[in-house]
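Trainee: Before we start, here is the structure in question, set down as structure tokens.
Derivation of every value follows stated rules applied to the coordinates shown; laboratory data play no part. None of the values given here were measured: they were computed from a predicted structure. Positions of Cβ are generated from backbone atoms using ideal geometry, with glycine treated the same way; all protein chains shown enter the neighbour counts.
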Amino acid sequence: MLNNTLKEVLAQESPASFVTMGSDGPHMVATWNSYIQINNHGELLIPAGSLVHTERNIQQGSGVQLLLAAKGVQGKHGDGAGFLLKGTANFEDSGPQFDQFKLGFPWARAVMVFHIREVEQLI
């Protein structure tokens, strides 16, 4: 699911925005592409310094949509590539995956594990 262009986008320093849905409507937050890691299962690992509202929405059944883009990557029509990823997520605040992740992000209270269900290249 994660093709080479998407991996190139993740390697560029750009904002990564994601949205969940709660009882009060959409909730959008952002991180940096460089903070996102890919585990052995092809899931995205995102450090959670806060993301309390996001976690609550996910616990209440919200899916997650993630928008990734980078101007310096060849896209469909020239410079700039962007992707919309849809899926589900859960938060881990203990265990081997969290312990390993915490080494690179000591400020993280948890790791958001994003389970990709759909990838669409937008540009």
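Trainee: With a cut-off of 8 Å between alpha carbons and a minimum separation of six or more residues, what is the relative contact order of segment 57-123 in percent?
Mentor: 35
Trainee: Okay, next question. Given R₀ = 22 Å, what would the calculated FRET efficiency be for GLN97 paired with GLU120, taking r from the Cβ atoms and rounding to 0.05?
Mentor: With R0 = 22 Å, the Cβ-Cβ based efficiency is 0.25.
Trainee: GNM, the chain, Cα, under 10 Å: largest mean-square fluctuation among ASP93, ASP79, ASP24?
Mentor: The residue with the greatest mean-square fluctuation here is ASP24.
Trainee: Label-point separation (nm) for GLN12 and ASP79, each offset 7 Å from Cα along Cα-to-Cβ?
Mentor: The two pseudo-label positions are separated by 0.9 nm.
Trainee: Now, a different point. For segment 18-88, calculate the relative contact order in percent as a whole number, restricting contacts to Cα pairs under 8 Å that are 6 or more residues apart.
Mentor: Taking the mean separation of contacting Cα pairs over the length of segment 18-88, I get 29 percent.
Trainee: Can I ask one more? Could you put VAL113, VAL19, VAL9, VAL52 in order, starting from the residue whose Cβ has the fewest other Cβ atoms within 10 Å?
Mentor: If I rank by nearby Cβ atoms, fewest first, I get VAL52, VAL19, VAL113, VAL9.
Trainee: Can you give the extra length, in nm with one decimal, that the chain gains between GLN60 and HIS27 once fully stretched, where that is 0.36 nm per residue apart less the Cα-Cα distance?
Mentor: Contour length minus the Cα-Cα distance gives 10.6 nm.
Trainee: For the chain, what does the relative contact order come out to in percent, with C-alpha contacts under 8 Å and a separation of six or more?
Mentor: With pairs under 8 Å counted, the relative contact order is 28 percent.
Trainee: Specify the inter-centroid distance of segment 1-68 and segment 79-123, based on alpha-carbon positions, in whole Å.
Mentor: Value for the Cα centre distance between the two parts: 5 Å.
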